[in-house]
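The values are calculated or read from the model by the stated rules, or taken from the named source; none is laboratory data. These numbers were taken from a predicted model, which means no experiment stands behind them. In this analysis, Cβ positions are derived from the backbone assuming ideal geometry, glycine residues included, and neighbour counts consider all displayed protein chains.
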Amino acid sequence: MNQSDKKNFEFIKNSGVNYFLQDSPRNWLENTKDKTKKEIFNENEDKIKGINEIIADIRKHQTPLKDTANKLVLYDGNTDAKVMFVGEAPGRDEDEKGVPFVGRAGQLLNKMLAAIKLNREEVYITNVINWRPPNNRTPTDEEILEFLPYLQRQIDIVEPDYIFLLGGVAAKAILSTPIALGKLRGQWHEYKSMNLNKIIYTIASYHPAFLLRSPQYKKASWEDLQMLQKKLNDEN
């Protein structure tokens, strides 16, 4: 871990949930429709450049997870998305292809998106951890903290309006809480970054891999998806 990463790690570890708080309100009067096509194009170019810088930094970052994985897995989808989906960590299929959510869980996620009239090209998909843990084990708290700065940088670059957390690891990372997922889901939370002058509305739900093992929770997951769909529909 380099000196910069150590500072990020200690800062997050010592500050807890207060890391996400800010005092500056968002300027709700800003109208993005007034931007020219050139301005929008330049913004997208800057976002892609920023994401590529994160990829380069993760490749340079020394972690034991890197030694047992095949490919770095960062994101799929649209860097200018309104909705960001955050999962846990790459699995075997993702580790082979270098793309998040491409296995059975990814196929279910595609169906979940289609159910609320979204597709992968419209959203931004990533994970808390960017290298596959050995034997698909659950990431440790130390690993979550280790990779959290990279996830936060992605959020700052993409600037989504909504974050949909897939599973307990994502909920722990973004909401900074040990509360069980079952108690977190079904309601909106607020994510605040020191680098963004906005509130990002966040909902925690079940990971598609968990739903494949426990289909009785699909109804609850569908209710969470409908909450997101209502938010998106209310904007139009």
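Considering only residues of the range 85-108 that are of a type in the set (A, V, I, L, M) and out of contact with any Lys or Arg (no Cβ under 8 Å at 6 or more places or on another chain), which is nearest to L151 (Cα to Cα)?
We begin by selecting, within the range 85-108, every residue of a type in the set (A, V, I, L, M); these are 86, 89, 99, 102, 105, 108.
Adding the requirement that they be out of contact with any Lys or Arg (no Cβ under 8 Å at 6 or more places or on another chain) leaves 86, 99, 102, 105, 108.
Numbers: V86: 9, V99: 16, V102: 19, A105: 21, L108: 23 Å.
The selected residue is V86.
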> If W131 satisfies every condition in (1) over 18 Å from L232 (Cβ atoms); (2) assigned to a strand (DSSP E or B) but one, which is the exception?
Replying inline: (2)
>> Yes or no: the range 185-197 includes at least one residue that is in contact (Cβ under 8 Å) with a residue 60 or more places away in the chain, over 16 Å from A105 (Cα atoms) and in contact with a strand residue (DSSP E or B) (Cβ under 7 Å, 6 or more places away or on another chain).
In response: yes
> Which condition number does N8 fail, the rest of (1) at pLDDT 95 or above; (2) in contact with a helix residue (DSSP H, G or I) (Cβ under 7 Å, 6 or more places away or on another chain) being met?
Replying inline: (1)
> Exactly one of (1) in contact (Cβ under 8 Å) with a residue 60 or more places away in the chain; (2) farther than 28 Å from K97 by Cβ is unmet by I179. Its number?
Replying inline: (1)
> For the range 81-118, what are the residues that are in contact with a strand residue (DSSP E or B) (Cβ under 9 Å, 6 or more places away or on another chain), over 15 Å from A170 (Cα atoms) and of a type outside the set (A, V, I, L, M)?
Replying inline: K82, E94, G106
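Every residue in the range 172-184 that is among the charged types (D, E, K, R) and more than 16 Å from the chain's Cα centre (by Cα), please. Write out each step before concluding.
Step one: filter the range 172-184 for residues among the charged types (D, E, K, R), giving 172, 183.
The answer is K183, and nothing else.
Okay, residues lined up against (1) more than 24 Å from Y191 (Cα to Cα); (2) basic (K, R); (3) part of a helix (DSSP H, G or I); (4) over 11 Å from the mean Cα position of the chain (by Cα):
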{"residue": "I55", "(1), (2), (3), (4)": "no, no, yes, yes"}
{"residue": "V73", "(1), (2), (3), (4)": "no, no, no, yes"}
{"residue": "A81", "(1), (2), (3), (4)": "no, no, no, yes"}
{"residue": "E146", "(1), (2), (3), (4)": "no, no, yes, yes"}
{"residue": "L151", "(1), (2), (3), (4)": "no, no, yes, no"}
> Mind checking which residues of the range 55-90 are more than 11 Å from I129 (Cβ to Cβ), buried (at least 19 other Cβ atoms within 10 Å of the Cβ) and small (G, A, S)?
Replying inline: G77, A81
> If a residue has to be buried (at least 16 other Cβ atoms within 10 Å of the Cβ) and part of a loop (DSSP other than H, G, I, E, B) to count, how many in the range 99-121 make the cut?
Replying inline: 8
